[in-house]
Amino acid sequence: MPETEKEKLQDKERAGAAVEHPEQVPGRLPVPSDDESSRNFFGEPLVGFDPHEITGTLIVIEGMDGSGRSTQISLLQEWLESEGFAVQTSGLRRSTLVGRDIDELLAKNAVTRLTLALMYCTDFFDQLEHRIVPALKSGTIVLADRYIFTLIARSVVRGINRDYLSGLYAMALRPHLTFWLNVRPETAFGREFRKAQAISYWEAGRDMSLSHDLYWSFIRYQTMIKREFEAFAKRHDFLELDGEAPVSTVNKLLRQRIAEQLGIRATKYTPSSALAHLWR
Amino acid sequence: MMENPESSAKQTRPEAVKSTLPQPGRPVPNRAYPGALIVVEGTDGSGKSTQLYLLKRWLEIGGYRLHFTEWNSSPLVKSATRRGKQRRLLTPSTFSLLHAADFADRCERQIMPLLQGDYLVLADRYIYTAFARDGARGCPEKWLRNLYRFAPVPDITFYFRAPLDVAVQRILSGRPKLKYYEAGMDLGLSYDRPESFRLFQARIMDGYDKMVESDNFVVLDGTLPVNRLQRQMREIVASKIDLKRFAPRAAEAE
């Protein structure tokens, strides 16, 4: 960088202007290139890991709270098992290492944003190394209820540098398929409220002081997250689905695309009586 | 136009120490802070903790404003670290991330606020411990450097260097049994714990040696007598840091 430009930038920073770094674009995570490790990872390869050992399929379902992710994952698991595939699920805060610790931190609300981001990152890598990768090595299909995109988006809207976050998750495995169940925050609010007759502190982004009104806090927070997702969707070939469509319609589209990925015929599926209540 | 007396008073302050590393948040006006940060690094048994303790006593007795912080000591992450070590759940990546979370907690809640508040902060081990140790476990250097780039750059980093045999002997003679991760057993270097520890420490020492130039370490000889080493350390601190600024208010007025 020429000296004068550098000085200008420093001046700006000194003045406290909220300058995003020039190359900081939303959705920034390296896209795959020809080199092998970039096809399998977002950056650096995982320590001591050989991508050739992977025979399973990693399928990610992303979407905001109330977008129907967990419903679809239950249905997909049943469908895939009926087709004879071994299935494993993963999701946030489910690691043996720190899953419960994060729950406690969230309940006590005694944690700063960077520490929380790093705890979630630890949780992610513990699951990746101890559950997801071993499952993929044994030919299992892993259905991930959210992935690094949610984690990055949540931290970005809280002001943590994008490049920092994409560096943090550089060793994450690139999914074979990433679906995004897109819903309007207004719809999500209603669905979430009906679930628990309440909206949680973190779902509404209350820590960000966006509004004292719970509804507006939720809408503004989820809209910010959604904007991050729109940027990710373009760069990382998200398969976007209308999360407001009926459950059966969304499920059919998911099954079609997954069947294509697995090289099987998209068969008919109706949920068993145990899951029939989800099929609205 | 009338000068604001407060702002002109601020301008006459000595120039604040700047962090040369980018901060994780957007650049904010308080990137620079008035406090000062002194760090000690070195392998286990290099004598660094003893020396930092003596430096702390010297400053405490003199009444200086200071805060002492230790690696891996945040209560927030303690239970997870304990569980991970007991059940041997930790991999190179999660070992590294958990320590980074611990450091982030201390950084956000103690180190940064105190540096902003014009304190002298003394740290027993800092991010270079992670670079050397996690690097020895195989974490990519680029990834590690990014992981800790929110950390303020120390004003002085003392690196206590003692020959491997001396350092290893100091630890082995004082400890009944080395712990699993402490001995680097997870690296599979040897089934014999003391031997594994030795090989692991050798790698860590290599990691430190590589950072001497790039990270401006002040190298001290850990085999010197304690009091001579302490005299050296105090002289360097006094020459590099304007200690008067951290002195008690009454002394400042004199």
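Taken together, the values in this text are just the output of simple stated rules run on the coordinates, not laboratory data. Keep in mind that what you see is a predicted model, and the values were worked out from it rather than measured. Backbone-built Cβ (ideal geometry, glycine too); neighbour counts: all protein chains shown.
Amide hydrogen proximity for residue B:220: with H placed 1.01 Å from N in the peptide plane, the residues at 5 or more positions away or on another chain lying under 5 Å are B:159, B:160, B:161.
For the stretch B:62-127, the relative contact order comes to 58 percent (Cα pairs under 8 Å, sequence separation of at least 6). For residue A:103 and residue A:235, a Förster radius of 45 Å and the Cβ-Cβ distance give a FRET efficiency of 0.90, rounded to the nearest 0.05.
Karplus-derived 3J(HN,Hα) values for the stretch B:143-149, using 6.51 cos²θ - 1.76 cosθ + 1.60 with θ = phi - 60°, are 5, 5, 4, 5, 3, 9, 6 Hz; glycine and proline are entered as x. For chain A, the spherically averaged projection of the C-alpha convex hull amounts to 17.2 nm².
GNM, chain B, Cα, under 10 Å: largest mean-square fluctuation among B:124, B:155, B:221? Fluctuation is largest for B:221. Remark on chain B: hydrodynamic radius 19.7 angstrom, per the Kirkwood mean of 1/r across alpha carbon pairs. Mind grabbing the base-10 log of I(q)/I(0) for the stretch A:123-280 at q = 0.08, 0.11, 0.20 Å⁻¹? Debye formula, identical points on the C-alpha positions, no solvent, two decimal places. Summing over Cα pairs of the stretch A:123-280 leads to -0.29, -0.56, -1.46.
Net charge in the neighbourhood of residue A:125 (other residues with Cβ under 14 Å of its Cβ; Lys, Arg +1, Asp, Glu -1) is -1. For the stretch B:95-241, a Kirkwood hydrodynamic radius built from all Cα pairs, placed in the Stokes-Einstein relation at 20 °C and 1.002 mPa s, yields a translational diffusion coefficient of 127 µm²/s. Across the stretch A:43-55, computed HN-Hα scalar couplings (Karplus, 6.51 cos²θ - 1.76 cosθ + 1.60, θ = phi - 60°) run x, 6, x, 4, 4, x, 9, 10, x, 5, 6, 7, 10 Hz from first to last residue, x flagging Gly and Pro. Close amide H pairs (under 5 Å, H built 1.01 Å from N) link residue B:33 with B:17, B:19, residues at least 5 positions away or on another chain. Between amide H atoms placed 1.01 Å from N, distances below 5 Å from residue B:67 occur with B:120, B:121, B:122, all of them 5 or more places distant or on a separate chain.
Taken one residue at a time, the phi angles of the stretch B:190-198 give Karplus couplings (6.51, -1.76, 1.60, θ = phi - 60°) of 6, 7, 8, 4, x, 5, 4, 4, 4 Hz. Gly and Pro are set to x.
Count charges around residue A:209 for me, please; just the other residues with Cβ under 15 Å from its Cβ, Lys/Arg as +1, Asp/Glu as -1. After counting each charged neighbour, the total is +2. Based on DSSP H segments of at least four residues, each scored -39500 (n - 2.57), chain B has a per-residue ellipticity at 222 nm of -14500 deg cm²/dmol.
Using a cutoff of 8 angstrom between alpha carbon atoms and counting only pairs six or more residues apart, the relative contact order for the stretch B:135-254 works out to 31 percent. Where does chain A land at 222 nm, in deg cm²/dmol rounded to the nearest 500, when only DSSP H runs of n ≥ 4 count, each adding -39500 (n - 2.57), divided by all residues? About -14000 deg cm²/dmol.
Relative to the longest principal axis of the Cα atoms of chain B, helix B:127-136 runs at roughly 20 degrees. Counting only alpha carbon atoms, the long axis of helix B:75-86 and the longest principal axis of chain B meet at about 10°. Pairs spanning more than 18 Å between alpha-carbon atoms, out of A:108/A:195; B:48/B:142; B:78/B:142; B:142/B:210; B:48/B:78: A:108/A:195; B:48/B:142; B:78/B:142; B:48/B:78.
The angle separating the long axis of helix B:226-240 from the principal Cα axis of greatest extent in chain B is about 40 degrees.
Projected onto its three principal axes, the C-alpha set of the protein assembly as shown covers 84, 74, 47 Å, listed from the longest axis down. Remark: A:215, B:64, B:126 ranked as A:215, B:64, B:126, counting other beta-carbon atoms within 10 Å and listing the fewest first.
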